[in-house]
Amino acid sequence: MAVISLGGVVANKSVRVGGDELDNSIVQFIKKEYNVALGLRTSEELKIKLASAWVTEELYAEVRGRDLITGLPKTIVTSSSEIREAIAEPLSAIIDAVKMTLDVTPPELAADIMEKGIMLAGGGALLNGMPECLAHETGMPVCISPEPLHAVALGSGKSLESFDSLKGVLFSSNQV
Amino acid sequence: MPSILGVMGRDMAVDLGTANTLVYVRGEGIVLNEPSVVAIDIRDGSALAVGTDAKRMIGRTPDHIRASRPLRDGVIADFDMCEQMLRHFIEKVHQSRLAKPRMVICVPSGITGVEQRAVQEAAEFAGARKPAYIIEEPMAAAIGSGMRVQEPSGNMIVDIGGGQLKWQ
């Protein structure tokens, strides 16, 4: 996450928590609660189906994994509130990082952001209830990028289309 | 014009994500969106499959095949695999092995100089024209979301990557 002004990054904070981290914590949670080992692909599907950051309607899903006690395949049923509990930790790491970034943002810019809101992009923006959760925690308006999954690719593409005017935001090997 | 393009390659921008790699070609938009997964045969180090085909192999490989994600937490975890993957994508976009496209690659903000260098070199080894340009992900995401980044006004962007959370 970053605060940007005049074509440069003013404050930024990067936490190495993303969708993968959420997958892992779901695996850990299911292992602890049900003694069932899940594959990462299954936990990703589970996340896509059930995960939410904010209280939403209760959904249930069946997943198949390997029972750690008997060693045999087993089917279990889990709910969205359980998955919310599972991802609570990585999610709070993200929210803390947003708060820390706001903390080091100069007051002028913080006022601008208060007016315009925080823009959410990336797959994480599509997590159910993520904007509500972030708005509640920071007290700032939150909006979602028009194309959250493609924002990064579109933005870097735009830097190619108008290479000369946006050259300032790029780095090349001679500068490093 | 096509002949020049054929030799030099088309300008491309690559969002090298932990979960998915997106390729944008100048004048065309996003042309490719595939999982960042490579399957290699460890007996001779050759790439068997890249992208969607390789993703299906994860967790289902015999001993001599390794399917994995060359990126972890947005930075390169396996240099050779990453280079193979980029080469595959460059060839797929150009349908030629000789292309030397101008390339912009995204990196997460706050990565170290060494990590940034690794991304740049992987791109150059894979066939990008030197120098390969680097753009910070939050900056790219902000531009892509339509924020006016050049103005003297604050914009805050929160980009949470690493696998999409919901199908659209």
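Going by what's in this entry, would A:Ile48 be described as surrounded by fewer than 21 Cβ atoms within 10 Å (Cβ to Cβ) and either among the small types (Gly, Ala, Ser) or in contact with a Lys or Arg (Cβ under 7 Å, 6 or more places away or on another chain) (or both)?
Considered against the rule, which asks whether it is surrounded by fewer than 21 Cβ atoms within 10 Å (Cβ to Cβ) and either among the small types (Gly, Ala, Ser) or in contact with a Lys or Arg (Cβ under 7 Å, 6 or more places away or on another chain) (or both), A:Ile48 comes out as yes.
Mind listing just one residue for me: the one in region A:135-165 that is within 7 Å of chain B (Cβ to nearest Cβ) and either among the hydrophobic types (A, V, I, L, M, F, W, C) or in contact with a Pro (Cβ under 7 Å, 6 or more places away or on another chain) (or both) and, of those, surrounded by the fewest Cβ atoms within 10 Å (Cβ to Cβ)?
A:Leu160
Can we say B:Gly17 is modelled with pLDDT under 85, facing chain A (nearest Cβ under 8 Å) and closer than 16 Å to B:Phe79 by Cα?
Yes, satisfied.
For region B:65-168, which fully contained strands (runs of 3 or more DSSP E) count at least 2 residues that are away from every other protein chain (no Cβ under 11 Å) and of a type in the set (A, V, I, L, M, F, W, C)?
In region B:65-168, the matching strands (runs of 3 or more DSSP E) lie at B:65-68.
Keeping to region B:15-71, report how many residues are surrounded by 19 or more Cβ atoms within 10 Å (Cβ to Cβ) and under 30 Å from A:Leu154 (Cβ atoms).
Result for region B:15-71: 25.
Determine if region A:104-125 includes at least one residue that is in contact with a Phe, Trp or Tyr (Cβ under 9 Å, 6 or more places away or on another chain), crowded, with 20+ Cβ neighbours inside 10 Å and facing another protein chain (nearest Cβ under 7 Å).
no
The values are calculated or read from the model by the stated rules, or taken from the named source; none is laboratory data. This one's a predicted model, so the numbers in the text were calculated from it and none came from an experiment. Neighbour counts are summed over all protein chains in view; Cβ atoms, including those assigned to glycine, are modelled from backbone coordinates with ideal geometry.
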